[in-house]
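Participant: Quick one: the structure is below, questions incoming.
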Amino acid sequence: MSAVEGGPAGGGISATNVAILGIVGGLVGIYLASILNDITATTYFSFFGGIGAILAGVWGADAVRRVCSYGLGTGVPSIGMVALGMGIVAAIFGLALCYVINIPVVLGPIIAFIVAAIIGLIMGTMANKILNMNIPIMERCMVEIAGAGCLVMIALCVTISGTLVFESHVATDITILTSVVQTGFIALIFIGGAMIILHPFNACLGPDESQDRTLYVGVEKGGIIMALSGVASLMVLGVIPAALTIVIGLLIWIVYFTKFINLTKRDAHKVIGTGLLPTEEELQ
Amino acid sequence: MTDFISLFDPISIVLITIGGILIGMGVHFIPVGGAPAAMAQATGVGTGTVQLAAGAGLTGLISAGFMYHMLGNDGLTNIELIQVMVSGAVGAMIMIAVTMFIGQLVYVYCVGVPPVSAKVDKDPITGDIQDIYVSKGTEGHGIPTVSFVSGVIGGLLGGTGGSLIYAILMNAGYPESIRSIAGPSPEIVALAGIFSAGVFYVNAVVASYNIGGTIEGFHDPKFKRVPKAIICCLIASLLCAAIAVPIMGGLI
């Protein structure tokens with residue numbers, strides 16, 4: 001149902017640069033949050049996870065933008081949901097594997113990312129070879145979308161729980177399993193994370209779509225989800241770390257929503273206030 | 001590491017793969033019209049495949065979870081597994097039927113179009129003539145009887161598949177050795193639920209790519225593409241199952 005069908009999406013930052021920003025930014029956000037929290041024995045740095053989620057989500061949004069500009073026929077939301085479907089399976093696998101085979105938790109995100117990339121590659125190859133979708137960049141974009149979905153999931157998990165530990169032998173420890181999965185917040189970040197990835201292009205698609213405007217929607221959407229995961233972490237981490245996440249998320253949202261409005265005015269032919277519709281008496 | 005290898009339970013993986021294939025087939029039965037149907041210009045419900053399949057599938061998951069809670073605290077026997085699957089199937093069928101029925105009311109009484117299919121001349125079930133009722137420039141509108149029946153079959157397959165995946169993952173995460181009267185711990189239930197949702201989305205999207213976003217039901221010519229979707233869903237859910245089963249088993 002994409003309005004633009006056919007050619008590749010062009011302009012702005014190159015795909016590789018956005019990918020580097022997403023992978024490095026996402027992983028750095030995840031590790032900064034968990035390692036700084038570990039070193040200082042606090043949970044104040046959990047908001048770095050939210051920033052990582054935004055960067056990884058923007059990467060995913062750019063990949064969605066590139067693949068969907070060919071026209072999928074199923075609407076943009078489908079690819080966002082498959083991103084998080086693959087992402088969540090890979091993310092939980094990576095994080096839980098550290099507990100199951102007793103390896104350091106810092107390896108979790110990397111394993112998850114690699115597994116997501118493999119699932120994405122297989123899905124992309126199947127879409128082109130078996131289903132004959134014939135989108136030249138399908139394989140690459142599926143890898144990117146799955147990877148981004150996986151990083152967004154892990155980053156938001158870290159934002160809520162403040163740790164990378166999936167499950168612990170000590171019953172009192174805060175872990176992702178007890179604070180994110182058992183509480184059901186995982187459903188929130190499943191749909192919320194999908195929104196960061198699928199909504200920007202879904203909202204901006206059309207003949208005059210431009211990369212910077214689309215990606216600003218991604219950042220703005222990420223700000224909202226970050227603030228929401230801050231609200232979720234209120235009952236896990238306490239007031240101060242949660243408040244930090246909420247405030248930073250809302251700030252990002254305000255800044256980038258303003259930027260998005262400005263770009264919309266730039267790209268629109270003209271923005272004028274028409275006032276309300278005239279009433280019947282005024283017309284006579 | 002040998003311990004980890006032993007967690008790959010082949011029967012569980014095969015059953016989850018079968019569940020994934022059922023979901024993929026179910027999507028082909030559901031009358032999805034996409035954006036054109038939202039404007040009453042194509043037959044089917046006016047939204048995307050993923051939204052419809054997920055709506056029905058997740059409702060099925062909830063009713064399957066309810067039945068599991070009733071029966072499964074001491075483990076599932078084969079007959080109880082079937083009861084869980086039937087419960088999930090009924091949940092999904094109710095959900096998709098309600099969606100189609102309310103959509104139908106909107107199409108008939110608000111938009112003012114007769115439910116008609118443009119893909120066949122006669123409704124294969126009722127035998128009603130279709131082609132003369134199709135408005136010019138459209139590909140049918142509303143949900144004719146055959147599409148409604150097809151949609152309910154889709155709910156049956158999707159719900160069965162989704163609840164099969166859920167029940168098998170629960171079995172893997174709640175094996176005989178830790179069974180107690182208190183039932184499975186909440187985190188295992190939540191994890192099995194979210195894993196099933198993930199596998200469900202992956203299979204639903206693969207199937208919807210196969211039909212190119214819109215289909216009217218089993219009478220649509222696009223329905224002949226089912227074998228391709230089965231192959232894709234087999235590979236995709238085998239992959240997901242191979243990842244999910246050892247993790248569910250390893251977390252105990």
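Participant: State all residues of the stretch A:55-72 that are surrounded by fewer than 24 Cβ atoms within 10 Å (Cβ to Cβ) and part of a helix (DSSP H, G or I); if no residue qualifies, say none. So that I can check it myself, show each step before the final result.
Facilitator: Taking the stretch A:55-72 as the starting set, the residues that turn out to be surrounded by fewer than 24 Cβ atoms within 10 Å (Cβ to Cβ) are A:66, A:69-71.
Residue satisfying the conditions is A:ARG66 alone.
Participant: Does B:THR59 satisfy the condition of being touching a strand residue (DSSP E or B) at 6+ places or on another chain (Cβ under 8 Å) and in contact (Cβ under 8 Å) with a residue 12 or more places away in the chain? I'd like the intermediate steps shown before the answer.
Facilitator: Numbers: touching a strand residue (DSSP E or B) at 6+ places or on another chain (Cβ under 8 Å): no; in contact (Cβ under 8 Å) with a residue 12 or more places away in the chain: yes.
Criteria not met by B:THR59.
Participant: Here's a follow-up. All but one of (1) small (Gly, Ala, Ser); (2) within 16 Å of B:VAL32 (Cα to Cα); (3) modelled with pLDDT of 90 or more hold for B:SER237; which doesn't?
Facilitator: All conditions are met except number (2).
Participant: Further question: Scan the stretch B:124-139 for residues that are of a type in the set (Val, Ile, Thr), surrounded by 15 or more Cβ atoms within 10 Å (Cβ to Cβ) and free of Cβ contacts under 8 Å to residues at least 24 places away in the same chain and report the count.
Facilitator: Going through the stretch B:124-139 one residue at a time, the tally reaches 1.
Let's see how each residue does on (1) surrounded by 21 or more Cβ atoms within 10 Å (Cβ to Cβ); (2) touching a Gly at 6+ places or on another chain (Cβ under 7 Å); (3) at pLDDT below 90:
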residue	(1), (2), (3)
B:LEU61	yes, yes, yes
B:LEU71	no, no, yes
B:GLY75	no, no, yes
B:MET95	yes, yes, no
B:THR99	yes, yes, no
B:ILE102	no, no, no
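Participant: Taking the residues in the stretch B:231-251 that are of a type in the set (A, V, I, L, M), facing chain A (nearest Cβ under 10 Å) and more than 17 Å from A:VAL82 (Cα to Cα) as candidates, determine which candidate is surrounded by the fewest Cβ atoms within 10 Å (Cβ to Cβ).
Facilitator: Going through the qualifying residues, I end up with B:ALA242.
Participant: Select from the stretch B:167-202 the residues that are more than 14 Å from every other protein chain (Cβ to nearest Cβ), among the hydroxyl-bearing types (Ser, Thr, Tyr) and either buried (at least 24 other Cβ atoms within 10 Å of the Cβ) or in a helix (DSSP H, G or I) (or both) and list them in ascending order.
Facilitator: Within the stretch B:167-202, B:TYR174, B:SER177 meet the criteria.
Participant: Just one of the numbered conditions (1) modelled with pLDDT under 90; (2) more than 11 Å from chain B (Cβ to nearest Cβ); (3) crowded, with 21+ Cβ neighbours inside 10 Å is not true of A:SER78; which one?
Facilitator: Condition (2) is where A:SER78 drops out.
Participant: Enumerate the pairs (first residue in the stretch B:102-122 and on the phi < 0 side of the Ramachandran plot; second residue anywhere and loosely packed, with under 12 Cβ neighbours inside 10 Å) with beta-carbon separation below 8 Å, excluding pairs fewer than 6 apart on the same chain, so at least 6 apart or on different chains.
Facilitator: B:LYS119/B:PRO221; B:ASP121/B:ILE129; B:LYS122/B:ILE129
Participant: Filter the stretch A:174-198 down to the residues that are more than 17 Å from the chain's Cα centre (by Cα), hydrophobic (A, V, I, L, M, F, W, C) and surrounded by fewer than 23 Cβ atoms within 10 Å (Cβ to Cβ) and list them by number.
Facilitator: A:ILE174
Participant: Let me ask something else about it. With (1) touching a strand residue (DSSP E or B) at 6+ places or on another chain (Cβ under 9 Å); (2) assigned to a helix (DSSP H, G or I); (3) within 14 Å of chain A (Cβ to nearest Cβ) as the list, and B:GLY151 as the residue in question, which single condition is left unmet?
Facilitator: Condition (3) is where B:GLY151 drops out.
The values are calculated or read from the model by the stated rules, or taken from the named source; none is laboratory data. All figures in this text were calculated on a predicted structure; none of them were measured in a lab. Don't worry about glycine lacking a Cβ; one is built from the backbone with ideal geometry, like all the others, and counts go over all protein chains shown.
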